[in-house]
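Okay, so here's the structure we're looking at.
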Amino acid sequence: MEQRYRSARTLQATFLERYSEDGRTVRLESGVAYFRRPGKMRWEYQSPEKNLFLIDGKSAWFYVPADHTVTRVPAKQSTDWRTPLSLLAGEMKVSRICAEVASVAQEPPENSGHVVFSCILRGEGKGARKSPASAPEAPSAPDSVFFEVVSETGELVRVLIRNRGGVTVEFHFAAWRMDPPVSEPLFRFTPPLGVAIVDGLAPNAQR
(Lines give C-alpha, C1' and ligand atoms only; values in the text may rest on other atoms or scores of the structure.)
Protein backbone atom coordinates (compact mmCIF):
# COMPACT_ATOMS: atom_id res chain seq x y z
CA MET A 1 0.00 0.00 0.00
CA GLU A 2 2.83 2.40 0.85
CA GLN A 3 4.55 1.70 -2.45
CA ARG A 4 1.36 2.21 -4.44
CA TYR A 5 0.58 5.67 -3.12
CA ARG A 6 4.05 7.03 -2.36
CA SER A 7 4.90 7.86 -5.97
CA ALA A 8 1.77 9.95 -6.65
CA ARG A 9 1.85 13.69 -6.09
CA THR A 10 -1.94 14.00 -6.25
CA LEU A 11 -4.72 11.48 -5.65
CA GLN A 12 -8.47 11.39 -6.12
CA ALA A 13 -11.11 8.87 -5.01
CA THR A 14 -14.82 8.58 -4.41
CA PHE A 15 -15.83 7.66 -0.87
CA LEU A 16 -18.76 6.38 1.13
CA GLU A 17 -18.75 7.10 4.86
CA ARG A 18 -20.91 5.18 7.31
CA TYR A 19 -21.38 6.13 10.97
CA SER A 20 -23.06 3.46 13.10
CA GLU A 21 -24.01 2.99 16.73
CA ASP A 22 -24.56 -0.52 18.15
CA GLY A 23 -24.78 -1.96 14.64
CA ARG A 24 -27.37 0.58 13.46
CA THR A 25 -26.43 3.03 10.70
CA VAL A 26 -26.98 6.57 11.96
CA ARG A 27 -25.54 8.50 9.03
CA LEU A 28 -24.45 7.64 5.50
CA GLU A 29 -22.58 10.18 3.38
CA SER A 30 -20.68 10.18 0.09
CA GLY A 31 -18.53 12.41 -2.04
CA VAL A 32 -15.08 12.87 -3.56
CA ALA A 33 -11.74 13.15 -1.74
CA TYR A 34 -8.59 14.79 -3.11
CA PHE A 35 -5.02 14.53 -1.78
CA ARG A 36 -1.95 16.58 -2.66
CA ARG A 37 1.61 16.60 -1.37
CA PRO A 38 2.69 17.72 1.10
CA GLY A 39 -0.09 16.75 3.52
CA LYS A 40 -3.09 18.48 1.94
CA MET A 41 -6.52 17.00 1.37
CA ARG A 42 -10.06 17.99 0.51
CA TRP A 43 -13.25 15.99 1.22
CA GLU A 44 -16.24 17.24 -0.75
CA TYR A 45 -19.42 15.75 0.68
CA GLN A 46 -22.18 15.68 -1.90
CA SER A 47 -24.91 13.52 -0.34
CA PRO A 48 -27.17 13.80 1.59
CA GLU A 49 -26.01 17.41 2.03
CA LYS A 50 -23.05 19.43 0.86
CA ASN A 51 -20.23 20.14 3.29
CA LEU A 52 -16.47 20.35 3.13
CA PHE A 53 -13.54 19.08 5.20
CA LEU A 54 -10.18 20.50 4.12
CA ILE A 55 -6.60 20.44 5.37
CA ASP A 56 -4.41 23.09 3.74
CA GLY A 57 -1.18 21.96 5.39
CA LYS A 58 -1.59 24.13 8.48
CA SER A 59 -5.26 24.21 9.41
CA ALA A 60 -8.20 21.82 9.26
CA TRP A 61 -11.43 23.45 8.05
CA PHE A 62 -14.97 22.11 8.32
CA TYR A 63 -17.59 24.05 6.41
CA VAL A 64 -21.35 23.47 6.33
CA PRO A 65 -22.93 25.88 3.83
CA ALA A 66 -26.40 25.42 5.31
CA ASP A 67 -25.15 26.54 8.75
CA HIS A 68 -23.20 29.55 7.41
CA THR A 69 -20.28 28.65 9.71
CA VAL A 70 -16.80 27.22 9.29
CA THR A 71 -14.69 25.68 12.03
CA ARG A 72 -10.90 26.08 11.93
CA VAL A 73 -8.40 24.17 14.05
CA PRO A 74 -4.62 23.65 13.70
CA ALA A 75 -4.15 20.47 11.68
CA LYS A 76 -1.79 18.99 14.29
CA GLN A 77 -4.49 19.38 16.95
CA SER A 78 -7.31 17.93 14.89
CA THR A 79 -8.82 14.78 16.39
CA ASP A 80 -10.98 14.13 13.34
CA TRP A 81 -10.50 10.63 11.93
CA ARG A 82 -9.97 11.86 8.40
CA THR A 83 -6.85 13.77 9.46
CA PRO A 84 -4.44 10.77 9.59
CA LEU A 85 -5.43 9.90 6.03
CA SER A 86 -3.47 12.96 4.97
CA LEU A 87 -0.50 10.55 5.08
CA LEU A 88 -1.66 9.60 1.56
CA ALA A 89 -0.34 13.00 0.51
CA GLY A 90 2.74 12.92 2.70
CA GLU A 91 5.60 10.51 3.24
CA MET A 92 3.13 7.63 3.04
CA LYS A 93 4.47 5.76 6.06
CA VAL A 94 1.81 3.86 7.99
CA SER A 95 4.24 3.74 10.91
CA ARG A 96 3.58 7.45 11.47
CA ILE A 97 0.14 6.63 12.91
CA CYS A 98 0.43 2.91 13.70
CA ALA A 99 2.78 1.61 16.39
CA GLU A 100 2.09 -1.94 15.20
CA VAL A 101 0.50 -3.45 12.09
CA ALA A 102 -0.63 -7.06 11.67
CA SER A 103 -2.92 -9.10 9.43
CA VAL A 104 -6.08 -10.25 11.22
CA ALA A 105 -8.63 -13.00 10.80
CA GLN A 106 -11.39 -11.75 13.11
CA GLU A 107 -12.29 -8.91 10.73
CA PRO A 108 -13.11 -10.58 7.38
CA PRO A 109 -12.47 -8.64 4.15
CA GLU A 110 -15.40 -7.68 1.97
CA ASN A 111 -13.75 -9.38 -1.01
CA SER A 112 -11.77 -12.62 -1.17
CA GLY A 113 -8.99 -10.84 -3.04
CA HIS A 114 -8.48 -8.35 -0.21
CA VAL A 115 -6.55 -8.49 3.05
CA VAL A 116 -7.37 -6.74 6.34
CA PHE A 117 -4.74 -5.61 8.80
CA SER A 118 -5.06 -3.98 12.19
CA CYS A 119 -3.40 -0.77 13.32
CA ILE A 120 -2.47 -0.20 16.94
CA LEU A 121 -2.45 3.57 17.22
CA ARG A 122 0.55 5.45 18.49
CA GLY A 123 -0.22 6.99 21.87
CA GLU A 124 -3.48 5.03 22.10
CA GLY A 125 -3.35 5.11 25.86
CA LYS A 126 -3.40 8.90 25.85
CA GLY A 127 -6.94 9.04 24.49
CA ALA A 128 -8.78 8.02 21.36
CA ARG A 129 -9.63 10.05 18.33
CA LYS A 130 -13.11 11.40 18.10
CA SER A 131 -15.67 10.69 15.44
CA PRO A 132 -15.66 12.53 12.09
CA ALA A 133 -16.80 16.12 12.10
CA SER A 134 -19.89 15.27 10.07
CA ALA A 135 -21.09 12.68 12.58
CA PRO A 136 -22.29 12.83 16.22
CA GLU A 137 -19.50 12.80 18.76
CA ALA A 138 -18.32 9.33 19.81
CA PRO A 139 -17.69 8.26 23.41
CA SER A 140 -14.08 8.72 24.50
CA ALA A 141 -12.52 5.25 24.41
CA PRO A 142 -9.67 3.49 22.60
CA ASP A 143 -10.40 2.46 19.02
CA SER A 144 -9.74 -0.66 16.98
CA VAL A 145 -8.57 0.41 13.53
CA PHE A 146 -8.48 -1.75 10.42
CA PHE A 147 -7.32 -1.15 6.84
CA GLU A 148 -8.57 -3.27 3.94
CA VAL A 149 -6.44 -3.36 0.80
CA VAL A 150 -6.38 -5.25 -2.47
CA SER A 151 -3.80 -8.02 -2.02
CA GLU A 152 -2.16 -7.79 -5.44
CA THR A 153 -2.06 -4.02 -5.86
CA GLY A 154 -2.11 -2.54 -2.35
CA GLU A 155 -5.07 -0.32 -3.24
CA LEU A 156 -6.84 1.01 -0.14
CA VAL A 157 -10.54 0.12 -0.27
CA ARG A 158 -11.74 0.50 3.33
CA VAL A 159 -10.84 2.01 6.68
CA LEU A 160 -12.79 0.77 9.70
CA ILE A 161 -12.72 2.28 13.19
CA ARG A 162 -14.50 0.42 15.97
CA ASN A 163 -15.02 2.25 19.25
CA ARG A 164 -15.51 0.36 22.50
CA GLY A 165 -18.60 2.45 23.10
CA GLY A 166 -20.36 0.69 20.21
CA VAL A 167 -19.60 3.36 17.61
CA THR A 168 -18.26 2.37 14.19
CA VAL A 169 -16.94 4.73 11.52
CA GLU A 170 -16.30 3.21 8.10
CA PHE A 171 -14.81 4.73 4.95
CA HIS A 172 -15.10 2.93 1.59
CA PHE A 173 -12.90 4.14 -1.29
CA ALA A 174 -13.24 3.50 -5.03
CA ALA A 175 -12.23 4.90 -8.42
CA TRP A 176 -8.74 5.90 -7.31
CA ARG A 177 -6.92 8.19 -9.74
CA MET A 178 -3.16 8.67 -9.59
CA ASP A 179 -1.81 12.14 -10.36
CA PRO A 180 -5.05 13.72 -11.60
CA PRO A 181 -4.74 17.41 -12.56
CA VAL A 182 -5.67 18.78 -9.12
CA SER A 183 -4.50 22.38 -8.73
CA GLU A 184 -3.09 23.98 -5.58
CA PRO A 185 -5.99 26.48 -5.14
CA LEU A 186 -8.37 23.57 -4.55
CA PHE A 187 -6.70 23.12 -1.15
CA ARG A 188 -7.18 26.70 0.00
CA PHE A 189 -10.28 27.79 1.83
CA THR A 190 -11.62 31.33 1.68
CA PRO A 191 -14.76 31.78 3.79
CA PRO A 192 -17.65 33.21 1.76
CA LEU A 193 -19.06 36.57 2.81
CA GLY A 194 -21.31 36.32 5.84
CA VAL A 195 -19.82 33.02 7.06
CA ALA A 196 -18.71 32.98 10.71
CA ILE A 197 -15.32 31.42 11.58
CA VAL A 198 -15.10 29.46 14.83
CA ASP A 199 -11.56 28.87 16.09
CA GLY A 200 -9.94 26.58 18.60
CA LEU A 201 -12.14 23.50 18.95
CA ALA A 202 -12.25 20.40 16.78
CA PRO A 203 -15.18 20.40 14.30
CA ASN A 204 -17.04 17.54 15.99
CA ALA A 205 -17.01 19.43 19.28
CA GLN A 206 -19.05 22.13 17.59
CA ARG A 207 -21.91 19.93 16.45
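Considering only protein heavy atoms and a 1.4 Å probe, what is the carbon-and-sulfur percentage of the accessible area of the chain?
Accessible surface attributable to carbon and sulfur in the chain totals 49 percent.
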Between R164 and S112, the two model label points (7 Å from Cα along the beta-carbon direction) sit apart by a distance in nm of 3.7 nm
Calculating Kirkwood radius over Cα pairs in Å from this structure picks out, from (1) 17.4; (2) 17.8; (3) 21.0, entry (1)
Residues other than A66 with Cβ under 9 Å of its Cβ, Lys/Arg counted +1 and Asp/Glu -1, net out at -1
Rounded to whole angstrom, the alpha-carbon centroid of region 13-36 lies from that of region 73-95 at a distance of 17 Å
In region 10-78, the GluC sites (Glu not before Pro) that sit in a DSSP loop and have at most 12 other Cβ atoms within 10 Å of their own Cβ are E49
Given a 1.4 Å probe, the accessible area of the chain per residue, as a whole number of Å², is 49 Å²
Length gained, D67-L193, 0.36 nm per residue minus C-alpha separation, equals 44.0 nm
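Output the relative contact order of the chain, whole-number percent, from Cα pairs under 8 angstrom with separation of 6+ residues.
27 percent
The values are calculated or read from the model by the stated rules, or taken from the named source; none is laboratory data. Keep in mind that this is a model prediction, so the values were computed, not measured. Cβ: placed from backbone, ideal geometry, glycine included. Neighbour counts: every protein chain shown. Please note that ligands, DNA and RNA were not included when accessible areas were found on the heavy atoms of the full protein model with its side chains. Shrake-Rupley method; radii C 1.70, N 1.55, O 1.52, S 1.80 Å.
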